[in-house]
Amino acid sequence: MKVVIGIPARYGSTRFPGKPLCSIAGLSMIEHCYKRSSLSNYTDNVFIACCDSQIVEKVKEFKGNYILTPKNIERPGLRVACAAETLNLDDNDIIVVVQGDEPLVRPEMIDMAINPLLNDKNIYVSNLCAEINDEDMNNPSEVKVVTDLEMNALYFSRSPIPSSDHQEEKTSWWKQVCIMPFRWHFMKKFNYSLEPTPLEKQESIEMLRAVQHGYKVKMVPTKYITKSVDNEDDRLEAEKLMLVDDLYKTKYK
C-alpha cells in the first residue's frame, strides 16, 4: 500500500496574493509545508499540486516534486485529486491532503491522521481535530465538529457546536485540523461522483458532503497546534512560532 501526500498551492489567492511564496523565517511557506510533510514516517511520495509558473520555479529551487494541474480548479482537494491521477495509484492506496497554508504542520500529525486507514480497510477518510477554546468557538473561520462515541463526525459547522445553553455536563469542543487522508477510491468518488450537498453549500465545508451522503469520517484528536496563514498578520505570527520550532532548527533548515 502506498501513502502519498499532496499539497495544493495556488498563486492567485484573493485574500493574500502570492501566499505560497511568502517568506517565513527565510523560506517560502510552500517549502516549509513540503519539507515538514516529507518527514512523515509513512509517506512514499510528497508532491505539490499547482498551476502557476511562479510556484513551479520555487519548487524547482528547493528540488521538490510538483504536478501541474488546470488553472480553473478552485477546490484544494480536487486539485490534489487531479494531480494524483498521474500516479497510477491502487484503489486502497492512501493520499493525504495537507493544506499549503500550514507552514507549522508536524509530521507526527500526518502520521496520526493516516493511522486509522492503515489499521482498518473499512475507513475511507479521516481528519485531525483539536480541542478549541472559547474565543475560537465563535470564529467562523474555525470549522467545529461534533462526533459520535467512536469519534466519527456527526456534523461540521462554522457556528458554535455543540450548544452550551442547556449543558448538564461540559464536553470537549473540537475543531477540524486540515490534514485529510483518503483512500484513493474514495477520493475519486468524493470529488467526481458525489454531488455537493445542501449542508455543504450552506456551511461551506466540503466534509459535509461525505457526512450527508452517509459516509463515516473518522476524527483523530491531536494536541499539536499549528498556524494557518491567510494574511500578513498570520504570516508574522507564524514566523515567530517558526523561529522557536524544533523541526525548523534541527531537521530541515
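Can you work out which of the residues in region 18-56 that are in a loop (DSSP other than H, G, I, E, B) and of a type in the set (S, T, N, Q) is nearest to residue 253 (Cα to Cα)? If you could, list the steps in order and put the result at the bottom.
Looking only at region 18-56, we keep the residues that are in a loop (DSSP other than H, G, I, E, B), and these are 18, 22, 25-26, 38-44, 51-52.
Right, trim to of a type in the set (S, T, N, Q) and you get 38, 40-41, 43.
Values: 38: 13, 40: 16, 41: 19, 43: 20 Å.
Ranking the qualifying residues of region 18-56, first place goes to 38.
Of all residues in region 25-60 being hydroxyl-bearing (Ser, Thr, Tyr) and closer than 22 Å to residue 78 by Cβ, which is surrounded by the fewest Cβ atoms within 10 Å (Cβ to Cβ)? Even if it seems obvious, please write down each step before you answer.
From region 25-60, those hydroxyl-bearing (Ser, Thr, Tyr) are 28, 34, 37-38, 40, 42-43, 53; that's our starting set.
Filter again for closer than 22 Å to residue 78 by Cβ, leaving 34, 37, 43, 53.
On the way: 34: 27, 37: 25, 43: 20, 53: 10.
Filtering first and then ranking leaves 53.
Test of understanding: among 15, 10, which residue is within 15 Å of the chain's Cα centre (by Cα) and assigned to a loop (DSSP other than H, G, I, E, B)? Testing whether each residue is within 15 Å of the chain's Cα centre (by Cα) and assigned to a loop (DSSP other than H, G, I, E, B) leaves just 10.
Against the condition more than 20 Å from the chain's Cα centre (by Cα) and part of a loop (DSSP other than H, G, I, E, B), how does residue 63 come out, does it pass? So residue 63 fits the description; yes. One residue alone among 217, 211 is at pLDDT 95 or above and closer than 23 Å to residue 107 by Cβ, and that residue is 217. For region 66-82, a residue qualifies if it is among the charged types (D, E, K, R) and in a helix (DSSP H, G or I), and exactly one does: 79.
In the set (1) part of a helix (DSSP H, G or I); (2) in contact (Cβ under 8 Å) with a residue 24 or more places away in the chain; (3) of a type outside the set (A, V, I, L, M, F, W, C), residue 101 fails one condition alone, (1). Within region 30-60, restricting attention to residues that are touching a strand residue (DSSP E or B) at 6+ places or on another chain (Cβ under 8 Å) and aliphatic (A, V, I, L, M), the residue that is nearest to residue 108 (Cα to Cα) is 46.
Can you work out which of the residues in region 141-168 that are among the hydroxyl-bearing types (Ser, Thr, Tyr) and over 18 Å from the mean Cα position of the chain (by Cα) is nearest to residue 128 (Cα to Cα)? So that I can check it myself, show each step before the final result.
Let us first name the residues in region 141-168 that are among the hydroxyl-bearing types (Ser, Thr, Tyr), namely 141, 147, 155, 157, 159, 163-164.
Keeping just the survivors that are over 18 Å from the mean Cα position of the chain (by Cα) gives 147, 159, 163-164.
On the way: 147: 12, 159: 19, 163: 22, 164: 23 Å.
Once the filter is applied, the top-ranked residue is 147.
Look at region 147-164: where a residue is within 17 Å of residue 124 (Cβ to Cβ) and a partner is in a loop (DSSP other than H, G, I, E, B) and of a type outside the set (Val, Ile, Thr), sitting 6+ places away or on another chain with Cβ atoms under 6 Å, you get 152/216; 154/148. Only residues that are assigned to a loop (DSSP other than H, G, I, E, B) and surrounded by fewer than 20 Cβ atoms within 10 Å (Cβ to Cβ) were counted in region 207-221, giving 4. Residue count for region 212-253, restricted to those that are among the basic types (Lys, Arg), within 21 Å of residue 24 (Cβ to Cβ) and touching a helix residue (DSSP H, G or I) at 6+ places or on another chain (Cβ under 7 Å): 1. Scanning region 125-136 turns up one or more residues that are at pLDDT below 95, loosely packed, with under 14 Cβ neighbours inside 10 Å and within 18 Å of the chain's Cα centre (by Cα). If you go through region 1-24 and keep only what is crowded, with 18+ Cβ neighbours inside 10 Å and among the small types (Gly, Ala, Ser), you end up with 6, 9. Taking the condition within 28 Å of residue 42 (Cβ to Cβ), outside any strand (DSSP E or B), at pLDDT 95 or above and charged (D, E, K, R), does residue 201 pass? Against the criterion (within 28 Å of residue 42 (Cβ to Cβ), outside any strand (DSSP E or B), at pLDDT 95 or above and charged (D, E, K, R)), residue 201 does not qualify.
The values are calculated or read from the model by the stated rules, or taken from the named source; none is laboratory data. Owing to the predicted nature of the structure, the values given are computational and were not obtained by experimental measurement. Note that each Cβ is placed from the backbone with ideal geometry, even for glycine, and that neighbours are counted across all protein chains shown.
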